[in-house]
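The values are calculated or read from the model by the stated rules, or taken from the named source; none is laboratory data. Only a predicted model underlies this, so the values are computations on that prediction, with no experimental measurement involved. Note that each Cβ is placed from the backbone with ideal geometry, even for glycine, and that neighbours are counted across all protein chains shown.
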Amino acid sequence: MKSGKTIAWLLLIGGAVLAAVGVLWIGANVASGRLRVTGALFGGGLLAVAVLPLLGAGVFLLVRTAQEGHEAQKREVLRRILDIVKSRGEVPISDLVLELGSTRDVVQQQVHALVGMGLFSGYINWDDGVLYSQDASSLRELDRCKRCGGELKLAGKGVIVCHYCGTEYFLN
């Protein structure tokens, strides 16, 4: 990631230096009378053909490395959530919010993202605010809610919800 950023800056600086040297050279030759305006325009066009790809590639690499950095941060946060929950077995959502420096809504979205990727199994009641890690095979056998005994219904891909207390079970 850092090498991409370095290369991007080198391309941008190289393109800017090439453009500056080319413009100065063309300007000096026009001023001294050794180059006519039409020749200067032609030289400027050739200079643009050389400089624009360098600048374009530099900008592309800068944007791309920024995107990759953002994605890497998202993956790191998801990895931390998995590590915390799997190592402790149960974690209050408030602890996750504090440890991640996040909000409850963002943590909820991240937990659902982990479930959607098939990386987490367990259950949670968002009102109680405790996330439980549990083996998916034991959750698949459930027909009643562990919290209130209510009937469980399929709510989405890998998610079963108790319609009485709102506890969500994540299966993988």
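For (1) free of Cβ contacts under 8 Å to residues at least 24 places away in the same chain; (2) of a type in the set (A, V, I, L, M, F, W, C); (3) within 30 Å of residue 116 (Cα to Cα), each residue gets a yes or a no:
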| position | (1), (2), (3) |
| --- | --- |
| 12 | no, yes, no |
| 26 | yes, yes, no |
| 37 | yes, yes, no |
| 40 | yes, yes, no |
| 63 | yes, yes, yes |
| 66 | yes, yes, yes |
| 71 | yes, no, yes |
| 100 | yes, yes, yes |
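Would you list the strands (runs of 3 or more DSSP E) that sit entirely within the range 127-172 and hold 1 or more residues that are assigned by TED's automatic domain parsing to the domain that holds residue 108 and more than 17 Å from residue 90 (Cβ to Cβ)?
152-156, 159-162
Output the number of residues of the range 22-40 satisfying the condition of being surrounded by 12 or more Cβ atoms within 10 Å (Cβ to Cβ) and either touching a strand residue (DSSP E or B) at 6+ places or on another chain (Cβ under 8 Å) or in a helix (DSSP H, G or I) (or both).
Qualifying residue count, the range 22-40: 9.
Go through (1) within 30 Å of residue 10 (Cβ to Cβ); (2) of a type in the set (Asp, Glu); (3) surrounded by 12 or more Cβ atoms within 10 Å (Cβ to Cβ) and name the single condition residue 71 misses.
Condition (3) is where residue 71 drops out.
With outside the structural domain of residue 26 (by TED's automatic domain parsing), touching a helix residue (DSSP H, G or I) at 6+ places or on another chain (Cβ under 7 Å) and assigned to a loop (DSSP other than H, G, I, E, B) as the only criterion, which of 119, 82 stands out?
119
Look through the range 148-161, keep the residues that are under 18 Å from residue 115 (Cβ atoms) and without any contact (Cβ under 8 Å) to a residue 24 or more places away in the chain, and return whichever of them is nearest to the chain's Cα centre (by Cα).
156
Would you mind finding the one in 121, 94 that is more than 30 Å from residue 18 (Cα to Cα) and surrounded by 13 or more Cβ atoms within 10 Å (Cβ to Cβ)?
The unique qualifying residue is 121.
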